[in-house]
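A short write-up of the structure that comes next.
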Amino acid sequence: MEYIQAQMSLTIAVCVKRVPDTAADKILDPSDFTLERDPDESILNPVDEVAVEEALRLKEAHGGEVTVVIAGPETAFKAARKALSMGCDKAIHLSDPLLHGSDAEAIAYALSCVLRRAAYDLILCGSESTDARTSLVPPALAEHLGLPGLCQAKKVEVDGQRVRIHRDRDQGYDVVEAPLPAVVGVNWGANEPRYPSFKGIQSAKNKPVEAVSAADVGIDASRVGLAGSQSEVLGFGARSAERGRILVDDRDGQAHVRLADFLQERKFI
Amino acid sequence: MAPALVGTPDVWVILDHEDGVPSKVSLQMLTAARGLAAQAGGAAVAVFCGTGWARAKEVVARFGAAGVLVSESDVFAGYQTGPTVETLAGLIGERHPWGVLFASVPFGKEVAARIGARLGLGVLADAISVAVDGERPVVEHAAFGGSLVVRKTLRSGPYLICLKANAVAAEEAPDRGAPGLEEEQVPASTSDAAKRAVVVERVSTGAAGRPPVDEAAVIVSGGRGLQDPANFSLVEALADELGAGVGASRAAVDAGWYPHSAQVGQTGKTVSPQLYIAVGISGAIQHRAGMQTAKTIVAINQDADSPIFALSDFGVVGDLFEVVPKLTEELRKRRESAG
Ligand SMILES: Cc1cc2nc3c(=O)[nH]c(=O)nc-3n(C[C@H](O)[C@H](O)[C@H](O)COP(=O)(O)OP(=O)(O)OC[C@H]3O[C@@H](n4cnc5c(N)ncnc54)[C@H](O)[C@@H]3O)c2cc1C
Ligand SMILES: Nc1ncnc2c1ncn2[C@@H]1O[C@H](COP(=O)(O)O)[C@@H](O)[C@H]1O
């Protein structure tokens, strides 16, 4: 990806993911351990809203265009639709049965094939998804594209040819800077995402959506899907944390003694 | 991507450290690596990138590393992941260890993800347990807010595994008479491409001293029930008595009572401490998503119907303003009388 400065406007891609609503039941398909996603119970990955908002603010400040990119089946597009109704200009939807069961590294490779087709100045992602929570996609994507990856950003600034972020750390942050183009993983705290307006929701329906297949973007089929993924799910179980569920009422003002006994029994003191 | 034909059955531990002081996760990784290496037929080997090796050396030996690859350079801290990725990818690609353990913290996961993408290897992130089954590793990983535990492996090695804090308890190596740590210096590799993301400045804010929530073995968290930011001092006093980290619910964070870096839950940190004490927290599903894999859960809440009690090992129904100070005092007394 060669960066050519035509004018000071930003060509931005923002990658979003559809995740199950935490409050909904999750069902894994027992035949291949992939997630059966009920489209009505899935949402735009919450932190991706922050990434979308950041993309829109950068566009508002510098001019340019925001493309939302999503990989997933038909039903996943709902998440991208929300990003469009927030104000993104257009969408690319990578959808292909070949991708079914791809792990994070495989998805990152697939997204890199989509993103390679245009000269984006900035590729924004959320810092992590709520279902897999791996955070692997943004750095792996940066690696596939041969770009610097700036993750955990709670502040993003673009200044001429460079992007500068505040990278969240416990008890502080690092200021990290890289030349464009770059991949940035946006974290909570960067901004307060806007709600889609009624007008936004209406106009989202008419925004351009490019649907592409794996072959369209030159994805090597042997590197995606269940068979092309390095990770293999062996099994799963409901978290059967057998909790003691001892309940003590403090009516007698002595519950702290019982609790101290409990902590001592379990060797925490 | 051909499987490693030649290689070593060693298990490498990429040390997570602050200027030579290994983090707790590093000691836990060294402990895990000894067990894995014994089964894989190799040795536990530490890998040190950064500055301050002299400070780390003794601890690394005590926790049973048979060897160490040392790349002492300040280039690692100056650039975001680039030199670390390049140096480690070079070593892993060349020597093919059986597996490589990274700390499952943002930096460790980023490095692992990039190495995976560069070498065509898979990555197992957020492992809450790790074992060997036959030739391959098996990890457990909590998915969908901890409501499911998924067992995973990788098809071929070198196996890149990110281990979460407190997945294993750190234990020093028993064989103290073992031969000394075998040290090998390796150069840092620093192409121009690796030096694009520059760390311009490191800004430290606020209270150090308490362990961060994603590392702490014990966490005391406060929620809206505290009613006022000043009352977080009750939670902090209890935490300090237990040597714990301090967490917060989103309600407390959104109200500006505590920083987001302390938030536990779906949109905060996911933690698996030995002990989690929820104070004035109702236990909303998004909060549970971040803490329900804790080994022991204690809740203090005045509402007996609060959902937090459904996943508690020990619950106190009572006023936190009564119970918490008395508990802190009781623990202090017991500590002092135990000498
Ligand atoms: C997309 C999304 C993401 C979210 N992410 C997170 C997340 O990451 N983390 C998170 O925590 N939440 C998250 N939430 C919010 C979550 O739904 C809850 O609103 C939040 O966890 C409530 O915080 P709380 O338990 O402190 O407050 P409340 O639910 O108000 O509970 C306060 C509790 O304190 C008790 N109490 C009050 N006074 C006393 C007293 N004197 N003594 C003892 N007990 C007392 C009450 O009985 C009550 O149970 C998220 C929500 C959404 C929609
Ligand atoms: N299928 C996908 N399509 C588009 N973007 C994705 C997809 N999966 C992950 N991402 C991006 O990568 C980020 C981190 O996701 P993860 O690595 O799954 O925790 C998300 O917040 C998205 O920005």
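The values are calculated or read from the model by the stated rules, or taken from the named source; none is laboratory data. The structure presented is a predicted model; accordingly, all values stated were derived computationally and were not measured. Note that each Cβ is placed from the backbone with ideal geometry, even for glycine, and that neighbours are counted across all protein chains shown. Protein only, heavy atoms only, side chains kept; ligands, DNA and RNA dropped before computing areas. Shrake-Rupley method; radii C 1.70, N 1.55, O 1.52, S 1.80 Å.
The percentage of C-alpha pairs in the stretch B:100-226 whose separation is greater than 24 Å is 50%. Any chance you could check the Cα centroid distance between the stretch B:137-190 and the stretch B:293-310 for me, in angstrom? Between the Cα centre of the stretch B:137-190 and that of the stretch B:293-310, the gap is 31 Å. Cα-Cα pairs above 15 Å in the stretch A:204-269: how many percent? Summing the P(r) of the stretch A:204-269 above 15 Å gives 77 percent of all pairs. Counting only protein chain heavy atoms and rolling a 1.4 Å probe, the accessible areas of B:E72, B:E110, A:E177 rank, largest first, as B:E72, A:E177, B:E110. Can you tell me the FRET efficiency between B:D254 and B:A173 if r is taken as the Cβ-Cβ distance and R0 is 35 Å, rounded to the nearest 0.05? Computed FRET efficiency for B:D254 and B:A173: 0.15.
Applying Stokes-Einstein at 20 °C and 1.002 mPa s to the Kirkwood radius of the stretch B:249-327, computed over alpha-carbon pairs, gives a translational diffusion coefficient of 169 µm² s⁻¹. Under 5 Å from the amide H of A:S102 lie the amide H atoms of A:G225, A:L226, each residue being 5 or more positions distant or on a separate chain, with H modelled from the backbone and absent for Pro and chain starts. Helical content of chain A, expressed as a calculated mean residue ellipticity at 222 nm, amounts to -7500 deg cm²/dmol (DSSP H runs of 4 or more residues, -39,500 (n - 2.57) each, divided by residue number, nearest 500). According to the Cα-based calculation, Rg over Rh for the stretch B:6-139 is 0.93, with Rh computed by the Kirkwood formula.
Here the spin labels are modelled as points 7 Å beyond Cα on the Cα-Cβ line, and at A:K267 and A:A211 they lie 5.9 nm apart.
Gyration tensor analysis over the Cα atoms of the stretch B:39-100 returns equivalent ellipsoid semi-axes of 21, 17, 7 Å (largest first, whole Å). When only the Cβ of Lys, Arg, Asp and Glu is charged (+1, +1, -1, -1), the dipole of chain B relative to its Cα centre reaches about 560 debye. The Rg/Rh ratio of chain A, with both radii computed over alpha carbons and Rh defined as the Kirkwood radius, is 1.07.
Using R0 = 41 Å, the C-beta based FRET efficiency linking A:Q161 and B:E18 works out to 0.80. In this assembly, the A-B interface accounts for approximately 7400 Å² of buried accessible surface in total, computed with a 1.4 Å probe and without ligands, DNA or RNA. Rounded to the nearest 20, the size of the Cβ-charge dipole of the protein assembly as shown about its Cα centre is 360 debye, with Lys and Arg at +1 and Asp and Glu at -1. Each residue was assigned an accessible area with a 1.4 Å probe, and for B:K295 the value is about 100 Å². The radius of gyration of the Cα set in chain B, together with its Dmax, comes out at 21.3, 64 angstrom.
Backbone N atoms of the stretch A:40-54 closer than 18 Å to the 7 Å Cα→Cβ label point of A:D89 belong to residues A:52-54. D by Stokes-Einstein for the stretch A:50-160, Kirkwood Rh over Cα pairs, 20 °C, 1.002 mPa s: 146 µm²/s. Normalised per residue, the accessible area of the protein assembly as shown is 40 Å², obtained with a 1.4 Å probe and no contribution from ligands, DNA or RNA. For the protein assembly as shown, the share of alpha carbon pairs falling in successive 20 Å distance bins from zero is 20, 54, 25, 1 percent. Applying 1/(1 + (r/R0)^6) with r as the Cβ-Cβ distance of B:R95 and A:M8 and R0 = 56 angstrom yields a FRET efficiency of 0.75.
Under the simplified labelling scheme, the A:V257-B:Q302 pair shows an inter-label distance of 2.4 nm, with each label point 7 Å from Cα along Cα→Cβ. The angle separating the long axis of helix B:24-40 from the principal Cα axis of greatest extent in chain B is about 50 degrees.
Each label point was placed 7 Å from the Cα along the Cα-to-Cβ direction; for B:E183 and B:A38 their separation is 2.8 nm. Counted over all Cα-Cα pairs of the stretch A:112-269, pairs farther apart than 24 Å make up 61 percent.
Taking every alpha-carbon pair under 8 Å whose residues sit at least 6 apart, the stretch A:160-269 reaches a relative contact order of 10 percent. Mean residue ellipticity, 222 nm, helices only, chain B: the sum of -39500 (n - 2.57) across DSSP H runs of n ≥ 4, divided by residue count and rounded to 500, is -9000 deg cm²/dmol.
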